[in-house]
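In what follows, a single structure is set out as structure tokens and then discussed.
The values are calculated or read from the model by the stated rules, or taken from the named source; none is laboratory data. Note that the coordinates shown come from a computational prediction; the quantities given were computed from them, not determined experimentally. Methodologically, a virtual Cβ is constructed for each residue, glycine included, from the backbone with ideal geometry; neighbour enumeration extends over all protein chains shown.
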Amino acid sequence: MEIRRIGFVGIGNMGSPMAANLAQAGFDLSIYDLREAVVHEFARAHEVKIACSLGALACAAECIITMLPDDKVVRRAVLGDGGDCIAQALETGHIIVDMSTSDPTATQALGAALSLRGVHVVDAPVMGGVVFARDGTLDIMAGGDADIVELLTPVFKVLGRKVFHCGPLGSGHALKAINNYVNACSLMSVIEGLAIGRKFGIDTAMMVETMQAMCTGRNHPIDKKVIPHVLTRTYGTGMAMGFIAKDLHIAVEAAHRIGAAAPLAERVSELWDAAAKCLGPTRDQTEIVRYWEQASGVTL
């Protein structure tokens, strides 16, 4: 079986460039989003079909990709609450791929609900942000049946540079939350160190250079966030602080559910919550530097 007909739900900051890449690659694409103006603009630009409802989207596709704010929205779109939903048109063999950042437990529950209908569910969250979504170089973490993940490989290759099969359903979302925690913790530690050094009177650029050479090796937040976005004051990663705070909640809650110790993750989550509340949840994640600058009375 070869997947050609794809339904895409969620034409937002990440979903729009991802769907555009699928359209450009020649897939038979149908799209759905609650914002009609966004849908029509995208359809005109990329010559794709607009589904008038979630049910109609499912009828037109073999594989439905969701790229939505959280697992609650995903569940409502798939299973519905008595109204229009994807599930009303699903048949045996259909594939649901949730590429959102969702709670792994919720993903497992969704899979259990749909398995009774012979519908396959794969969780395949992405790392990389809007820039990587545009050029199709996202990293994709897939959880689910190995044969279904293999079947989806041609789709994933259009969207990302590498696909990691993490294990059973839910493992992709679990690893995404863990990776986001490690990234968030690292970014925060770098910024805190820079703020302390700047307070001491040390040049910011020189500190970054020494961190790369001496104490961190290749540090993802330094290379991808601090140098291009914090030091230039452009703050343009495309990922909002509120989303990072949400992802940290997922990581901490997942740890709690399985009885894993996560004291550092708990504290990092609290700090991101505080920064998002202080600065605004829609601010770019790299603007968290302002939280430290205000507290320390320095400018990096």
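Would you pick out the residues in segment 37-65 that are more than 30 Å from GLN108 (Cβ to Cβ) and either of a type in the set (Phe, Trp, Tyr) or in a helix (DSSP H, G or I) (or both)? Lay out the reasoning, then the answer.
First, the residues of segment 37-65 that are more than 30 Å from GLN108 (Cβ to Cβ): 37-50, 52.
Answer for segment 37-65, where residues must be more than 30 Å from GLN108 (Cβ to Cβ) and either of a type in the set (Phe, Trp, Tyr) or in a helix (DSSP H, G or I) (or both): ALA37, VAL38, VAL39, HIS40, GLU41, PHE42, ALA43, ARG44, ALA45, HIS46.
For residues that are surrounded by fewer than 19 Cβ atoms within 10 Å (Cβ to Cβ) and not hydrophobic (A, V, I, L, M, F, W, C), tally how many sit in segment 220-229.
Step one: list which residues in segment 220-229 are surrounded by fewer than 19 Cβ atoms within 10 Å (Cβ to Cβ), which gives 220, 223-224, 227-228.
Imposing the further condition that a residue be not hydrophobic (A, V, I, L, M, F, W, C) reduces the set to 220, 223-224, 228.
Number of matching residues: 4.
Could you please find all residues in segment 164-183 being surrounded by 21 or more Cβ atoms within 10 Å (Cβ to Cβ), modelled with pLDDT of 95 or more and either of a type in the set (Ser, Thr, Tyr) or more than 17 Å from ASP139 (Cα to Cα) (or both)?
Selection gives LEU169 alone.
Residue by residue through segment 16-36, note down the ones that are outside any helix (DSSP H, G or I), among the charged types (D, E, K, R) and either crowded, with 20+ Cβ neighbours inside 10 Å or over 21 Å from the mean Cα position of the chain (by Cα) (or both).
So in segment 16-36, the residues outside any helix (DSSP H, G or I) come out as 25-35.
This time we only want the ones that are among the charged types (D, E, K, R), so: 28, 33, 35.
ASP28, ASP33 - these are the residues of segment 16-36 that are outside any helix (DSSP H, G or I), among the charged types (D, E, K, R) and either crowded, with 20+ Cβ neighbours inside 10 Å or over 21 Å from the mean Cα position of the chain (by Cα) (or both).
Do you know which residues across segment 230-252 are surrounded by fewer than 20 Cβ atoms within 10 Å (Cβ to Cβ), of a type outside the set (S, T, N, Q) and more than 17 Å from the chain's Cα centre (by Cα)?
Of everything in segment 230-252, those that are surrounded by fewer than 20 Cβ atoms within 10 Å (Cβ to Cβ), of a type outside the set (S, T, N, Q) and more than 17 Å from the chain's Cα centre (by Cα) turn out to be LEU231, ARG233, TYR235.
If LEU68 meets every condition in (1) out of contact with any Phe, Trp or Tyr (no Cβ under 9 Å at 6 or more places or on another chain); (2) surrounded by fewer than 17 Cβ atoms within 10 Å (Cβ to Cβ); (3) in a loop (DSSP other than H, G, I, E, B) apart from one, which number is that one?
Just one mismatch for LEU68, condition (2).
For ALA87, indicate whether it is out of contact with any Phe, Trp or Tyr (no Cβ under 8 Å at 6 or more places or on another chain), closer than 18 Å to ILE11 by Cα, in the same structural domain as GLY111 (by TED's automatic domain parsing) and not in a loop (DSSP other than H, G, I, E, B).
Working: out of contact with any Phe, Trp or Tyr (no Cβ under 8 Å at 6 or more places or on another chain): yes; closer than 18 Å to ILE11 by Cα: no; in the same structural domain as GLY111 (by TED's automatic domain parsing): yes; not in a loop (DSSP other than H, G, I, E, B): yes.
No, not satisfied.
Return the pairs, sorted by first residue and then second, in which the second residue is at pLDDT 95 or above, the first residue lies in segment 111-135 and is polar (S, T, N, Q), the beta carbons are less than 8 Å apart, and the residues are 6+ apart or on different chains.
SER115/VAL121
Considering only residues that are surrounded by fewer than 19 Cβ atoms within 10 Å (Cβ to Cβ) and closer than 22 Å to ARG267 by Cα, look in segment 184-215 and name the one that is farthest from the chain's Cα centre (by Cα).
ILE196
Check off (1) buried (at least 22 other Cβ atoms within 10 Å of the Cβ); (2) among the small types (Gly, Ala, Ser); (3) not in a helix (DSSP H, G or I) for GLY259 and give me the number that stays unchecked.
Unmet condition: (1).
Being within 24 Å of GLU2 (Cβ to Cβ) and assigned to a loop (DSSP other than H, G, I, E, B) is the filter here; which residues of segment 90-124 pass it? Outline the logic, then answer.
As a first pass, look at segment 90-124 and keep what is within 24 Å of GLU2 (Cβ to Cβ): 90-99, 111, 114-115, 117-124.
Matches in segment 90-124: LEU90, GLU91, THR92, GLY93, HIS94, MET99, ARG117, GLY118, VAL119, ALA124.
Can you tell me which residue is nearest to GLY280 (Cα to Cα) among those in segment 206-244 that are part of a helix (DSSP H, G or I) and of a type in the set (Gly, Ala, Ser)? Break it down stepwise before answering.
In the first step, residues of segment 206-244 are kept if they are part of a helix (DSSP H, G or I); the result is 206-215, 220-230, 241-244.
When the remaining residues are screened for being of a type in the set (Gly, Ala, Ser), the result is 213, 242.
Numbers: ALA213: 34, GLY242: 8 Å.
Only one residue tops the list, namely GLY242.
For segment 1-55, how many residues are of a type outside the set (A, V, I, L, M, F, W, C) and touching a Ser or Thr at 6+ places or on another chain (Cβ under 8 Å)?
Going through segment 1-55, the residues of a type outside the set (A, V, I, L, M, F, W, C) turn out to be 2, 4-5, 7, 10, 12-13, 15-17, 21, 24, 26, 28, 30, 32-33, 35-36, 40-41, 44, 46-47, 49, 53, 55.
With touching a Ser or Thr at 6+ places or on another chain (Cβ under 8 Å) added as a condition, the list becomes 5, 7, 10, 32, 49.
Adding up the residues that qualify gives 5.
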